[in-house]
Amino acid sequence: MAFDEMKSADGGVRPAFRAYEDWLLSMPPDLLPRKNEQADALFRRLGITFAVYGDQEGTERLIPFDPIPRILAAREWKRLSDGCCQRVRALNAFLKDLYHDQEIINAGVIPAERVFGNGLYRPEMNGLSVARDVYIHIAGIDVVRTGEDEFFVLEDNLRSPSGVSYMLENRAMMMRLFPDLFTRYSVAAVDSYPDQLLRNLRAVAPAACTGEPTVVVMTPGYYNSAYFEHAFLAEQMGVELVEGRDLFVEDGLVYMRTTQGPKRVDVIYRRIDDDFLDPAAFNPHSSLGVRGLLEAYRSGGVTLANAIGTGVADDKATYIHVPDMVRFYLGEEPILSNVPTWRLEREDERKYVLERLPELVVKEVQGAGGYGMLVGPTSTKAEIEDFRARILANPANYIAQPTLSLSTVPTLVDKGIAPRHVDLRPYVLMGETATLVPGGLTRVALREGSLVVNSSQGGGTKDTWVLENDPC
Amino acid sequence: MLSRTADHLYWMSRYMERAENITRFVEVANRLSLSVPSTRDRAACWQPVLTIAGGEDDFAARHGERSAVSVIEYAVLDPTNPSSIYSSLRAARENAHAVRSVIPVETWESLNGTWLEARGLDGPRLREQGLIAFCEWVRERSHQFRGITYGTMLRDEADYFIRLGTFLERADNTARLLGVRATGVAPGQTDVDADDQLHWAAVLRSVSAFRAFRTVHGGDITPLRAVDLLVMRAALPRSLHSCLNQVRDILERLNPQAECTRLAGAAHAHIHYGRLDHLLSRGLGPFIDDFIDANNTLAGQIHKDFLLS
């Protein structure tokens, strides 16, 4: 039985959800379906959509929105918040160390081949100092829950994590649909996210910037699946949304093409992968990037957020070492645990895993988006055997974890309200310190029994409430 | 502002204005085709819609026979005709999509909503709704688009480029509308036949200028008076003079030194300080052709000066 965040095993309602249940019982039974239809129409009109890759029509779809909030108690949040910030501070320290003195490798805490053989390690970053030593300006930490006080970090997203716009838009939608609910609860506000982000980005202007820093958001373009979010963040921060073709590099500085001639750009919040940033340095076929950007970056002409080469730290093989990083760099015990993870390159661990494939989850080391993974308990024999062959062909490319019984939250489905599995992605911002707004993106697996919450695989989202005061 | 952003803003409003004006052309054709005696070729009344909006050859290649139904399908709904109302609304929305971080949320919602509704339309649904009701709806959406911009946008570059697109497109469209029946309109002309009267009354109605005509000129509708109103009268928002007033003012604010500003000033002076009988000395047709050419040259120069950089 999975841990349900609303109802305890004896059928009682947990304190954080009590006022919600009272409210729901006082409402007509068709209220939620009606509100859900309204939400759908509003999201569509607002164009809060994502493009589906591989769909020939280039269709834009809505990510299903669930009108029942996920409610976290203040004390639960405190621990999560401290744990996520701690983790990002350690990961940031790791990146600085990795690209400078490599003490953690010299100390034997992390094997050298693990990082230097990693495709996401960027030798171009060696010895380079970045503004305020910040590498991870924005991180999305995927957290799952399995019990009252059991939270695990599933994954660190340190390249350009998406979804924060849904956190903000879901809240706006909930306030619009259920204003009376917000009078019954004291829900911590999330609106300050864009302000905090802009403040941090301005604080990491490069040395070459003398006046007021100019910040831009860089998007691959309006056919990108997350374009809505890129536009949303640019609009919320009041900065330009640029594409690679809007920028050029001259004498080590970056400029954007404007109606009044070239204008200097100091900080680029880029939502585009390292590989596509600069055709002169990385993928030569990239038409999304800016020629010479790497050189401008290396010579201190511009700041990129996140820094180049952060992928090496959010790799699933590096993930195993994050608790060690917390101890090594911060001298603290990790507040949040990792999920136990087996590395299939090790013979003994591989043997163990291959004997138990139907029970386990197997993931590609650099996979993302719910692709390239096997969820043993919900897979057919043929799928499992197919995966076994793939593992044997390249064991180092895979890790395995126990199938966690993700917590459930009541969710509106065709037949009424039923528990569905969820995860949580809070967003940590690094400036002078690591901060995060009280909330995050809750993703929910809408299919009964499913543990895959990715929007590309039929997942939806929920508004995540953090209570300012816990009910007694 | 990013040049690319300015480019999207400019085309967003050009396409919305174009969608609106195609409905105006369609309405002229519709009214005329229902007004001429049924013994005459009513389908001929639809020809100007193709002439104005372009695509005559494309239409001929694909439809051959010209009928009310085929022209309406082509000019209103055809997604492969780049100048159809359907394509214009789609292009307006696509451009808005690319700059949604710059325009008011309501502007985006309005254009997106318009497109989503238009997308669901097909021939049978259009017939059920009624062509005129549809045309009115498109115009309402266009009015709403302009209204939101006027009512909420900061008067800065973004607003200038949006309005620049509107007025350049409108000048072009009004000129094309005037050119439909250009033969026979010359200075000093006094004799007016019934067809002329019918035609120019329909033109005035289509640009919502029928009442304005009565107010300004009173009396009978003559081709010359109608042309005077639609070319010379700065007080009429869809006249060439009015459009050029706006274009020149906007460019002066954007950059008084730019080459396009000089071109706009010259084009404006030509009409502002001109006299209709001089302008029409070679006939209405050549005047309209020259005007459309100059307008295109101006649009090209605006691209060079601001949008490509």
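The values are calculated or read from the model by the stated rules, or taken from the named source; none is laboratory data. Remember, predicted model here, so these are calculated numbers, not experimental data. All Cβ positions, even for glycine, are placed from backbone atoms using ideal geometry, and neighbour counts span all protein chains on display. In case anyone asks, the SASA skips ligands and DNA or RNA and just uses the protein heavy atoms, side chains included. Shrake-Rupley method; radii C 1.70, N 1.55, O 1.52, S 1.80 Å.
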Calculate the mean, over all residues of peptide A:233-240, of how many other protein chain Cβ atoms lie within 10 angstrom of the residue's Cβ. 3
Can you list residues from other chains, or at least 5 along the same chain, whose modelled amide H is less than 5 Å from the amide H of A:VAL265? A:VAL254, A:TYR255, A:MET256
Given Cβ point charges of +1 (Lys, Arg) and -1 (Asp, Glu) and nothing else, what value in debye, to the nearest 20, does the dipole of segment A:340-402 about its Cα centre take? 40 debye
Pick from B:HIS217, B:HIS199, B:HIS272: which residue has the top mean-square fluctuation in a GNM of chain B where Cα pairs under 10 Å get a spring? B:HIS217
Environment charge of A:ASN338, counting only residues whose C-beta is closer than 12 Å and scoring Lys/Arg +1, Asp/Glu -1: -2
Any chance you could look up the accessible area of A:TRP77 with a 1.4 Å probe, heavy atoms only, rounded to 10 Å²? 20 Å²
Ellipticity estimate at 222 nm from DSSP helix runs (n ≥ 4, -39,500 (n - 2.57)) divided over chain A, nearest 500: -9000 deg cm²/dmol
For segment B:98-110, take each phi angle, set θ = phi - 60°, evaluate the Karplus expression 6.51 cos²θ - 1.76 cosθ + 1.60, and give the result in whole Hz per residue in order, putting x for glycine and proline. 6, 10, 5, 7, 9, 8, x, 3, 4, 5, 4, 4, 5
Using alpha-carbon positions, what is the distance between the centroids of segment A:283-302 and segment A:1-49, in Å? 47 Å
Would you please give the residues with an amide H less than 5 Å from that of A:LEU446, counting only those at least 5 places away or on a separate chain, with H modeled from the backbone geometry? A:GLY460
Mean other chain Cβ within 10 Å across B:96-109 is 5
As a test of the definition: with a 1.4 Å probe, what buried accessible area, both sides summed, do you compute for A against B, in Å² to the nearest 100? 2100 Å²
Which of A:LYS263/A:LYS316; A:LYS316/A:LYS351; A:LYS78/A:LYS462 exceed 29 Å between C-alpha atoms? The answer is A:LYS263/A:LYS316
Report, by chain and number, residues whose modeled amide H sits under 5 Å from the one on A:TRP465, excluding near sequence neighbours (fewer than 5 apart, same chain). A:ARG70, A:ILE71, A:LEU72
Integer Hz, Karplus 6.51/-1.76/1.60 couplings in order for segment A:169-184, x for Gly and Pro: 6, 5, 5, 4, 5, 4, 5, 6, 7, 10, x, 5, 5, 6, 7, 8
Per its Cα gyration tensor (rounded if a/c is under 1.5, else prolate when a/b beats b/c, else oblate), segment A:357-432 is best filed as oblate
Could you please state how large a percent of the accessible area of segment B:154-308 is carbon and sulfur, counting protein chains only and using a 1.4 Å probe? 50 percent
How many angstrom lie between the C-alpha centres of segment B:40-55 and segment B:172-219? 17 Å
Could you state the number of Å between the C-alpha centres of segment A:418-472 and segment A:187-225? 23 Å
Rounded to the nearest 5, the percent of antiparallel DSSP beta bridges in the protein assembly as shown equals 75 percent
Within segment B:1-92, list the GluC sites (Glu not before Pro) lying in a DSSP loop whose Cβ has at most 13 other Cβ atoms in a 10 Å radius. B:GLU65
Ignoring ligands and nucleic acids, A:LYS351 exposes an accessible area, probe 1.4 Å, in Å² to the nearest 10, of 130 Å²
What 222 nm value per residue comes from the helices of chain B, counting each DSSP H run with n ≥ 4 as -39,500 (n - 2.57) and dividing by all residues, nearest 500 deg cm²/dmol? -22500 deg cm²/dmol
Going through segment B:37-131, which trypsin sites (Lys or Arg not before Pro) have at most 15 other Cβ atoms within 10 Å and a DSSP loop state? B:ARG40
If you plug each phi of segment A:137-150 into the Karplus form 6.51 cos²θ - 1.76 cosθ + 1.60 with θ = phi - 60°, what whole-Hz ³J(HN,Hα) values come out, in order, with x for Gly and Pro? 6, 9, 10, x, 9, 7, 10, 10, 10, 10, x, 3, 10, 9
Candidates B:THR174, B:THR166, B:THR51; GNM for chain B (alpha-carbon contacts under 10 Å) flags as most fluctuating B:THR51
Could you sort A:THR183, A:THR411 by accessible area so the largest value comes first, with the probe set to 1.4 Å? A:THR183, A:THR411
For the ranges A:201-212, B:101-112, what's the packing order if you count other beta-carbon atoms within 10 Å of each residue, average per peptide, and put the highest first? B:101-112, A:201-212
Of the peptides B:1-12, A:394-405, how do they stack up when ordered by the mean number of other Cβ atoms within 10 Å, highest first? B:1-12, A:394-405
